[in-house]
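Below: one structure, written as structure tokens.
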Amino acid sequence: MAGTKGINLKHGMSHSRPWVIWTDMKRRCKNPDRTGFEFYGEKGITYQDSWESFEGFWEDMYKNYEDGLTLERIDPSGNYCKENCRWAD
């Protein structure tokens with residue numbers, strides 16, 4: 001992945017499903033070239049500061065994760081954060 005050369009990824013979950021979900025969340029919020037940006041970043045949807053790292057995201061969200069579930073915001077107009085996100089089918 002571009003931009004990761006030389007980064008020491010200590011969590012051992014690179015390219016796992018939770019890691020892909022996290023990277024997609026960040027891209028929707030921050031990358032204007034990303035499909036869906038108009039529904040997220042362009043509308044001001046962002047994520048909590050500690051979720052800038054995968055470790056911060058995973059620390060908050062690992063507990064109820066199961067394969068097949070997706071990351072969902074409880075309040076669709078709210079930001080991605082521990083209090084406003086859940087795993088849903």
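Pairs meeting the criteria (first residue in segment 24-47 and within 15 Å of ASP75 (Cα to Cα), second residue of a type in the set (Phe, Trp, Tyr), beta carbons under 7 Å, at least 6 apart or on different chains) are TYR47/TYR80.
Could you grab me the full set of residues in segment 40-89 that are part of a helix (DSSP H, G or I) and acidic (Asp, Glu)?
The first filter runs over segment 40-89 and keeps only residues part of a helix (DSSP H, G or I), leaving 41-43, 49-52, 54-61, 82-84.
Those that are part of a helix (DSSP H, G or I) and acidic (Asp, Glu): GLU42, ASP49, GLU52, GLU55, GLU59, ASP60, GLU83.
The residue list GLY78, GLY56, GLY68 contains one member that is among the small types (Gly, Ala, Ser), open to solvent by less than 50 Å² (accessible area, probe 1.4 Å) and closer than 28 Å to GLY12 by Cα, which is GLY56. Does segment 26-44 contain any residue that is out of contact with any helix residue (DSSP H, G or I) (no Cβ under 9 Å at 6 or more places or on another chain) and among the polar types (S, T, N, Q)? So far as segment 26-44 goes, no, none of its residues is out of contact with any helix residue (DSSP H, G or I) (no Cβ under 9 Å at 6 or more places or on another chain) and among the polar types (S, T, N, Q). Within segment 16-47, the set of residues being under 17 Å from TRP87 (Cα atoms) and either open to solvent by 50 Å² or more (accessible area, probe 1.4 Å) or of a type in the set (Phe, Trp, Tyr) (or both) comprises ARG17, TRP19, VAL20, TRP22, TYR47.
The values are calculated or read from the model by the stated rules, or taken from the named source; none is laboratory data. Here the structure is a predicted model, which is why all the values come from computation and not from measurement. Here the Cβ is made from the backbone with ideal geometry for all residues, glycine too, and neighbour counts use every protein chain on show. Note: accessible area is taken over every heavy atom of the protein model, side chains too, but ligands, DNA and RNA are not part of it. Shrake-Rupley method; radii C 1.70, N 1.55, O 1.52, S 1.80 Å.
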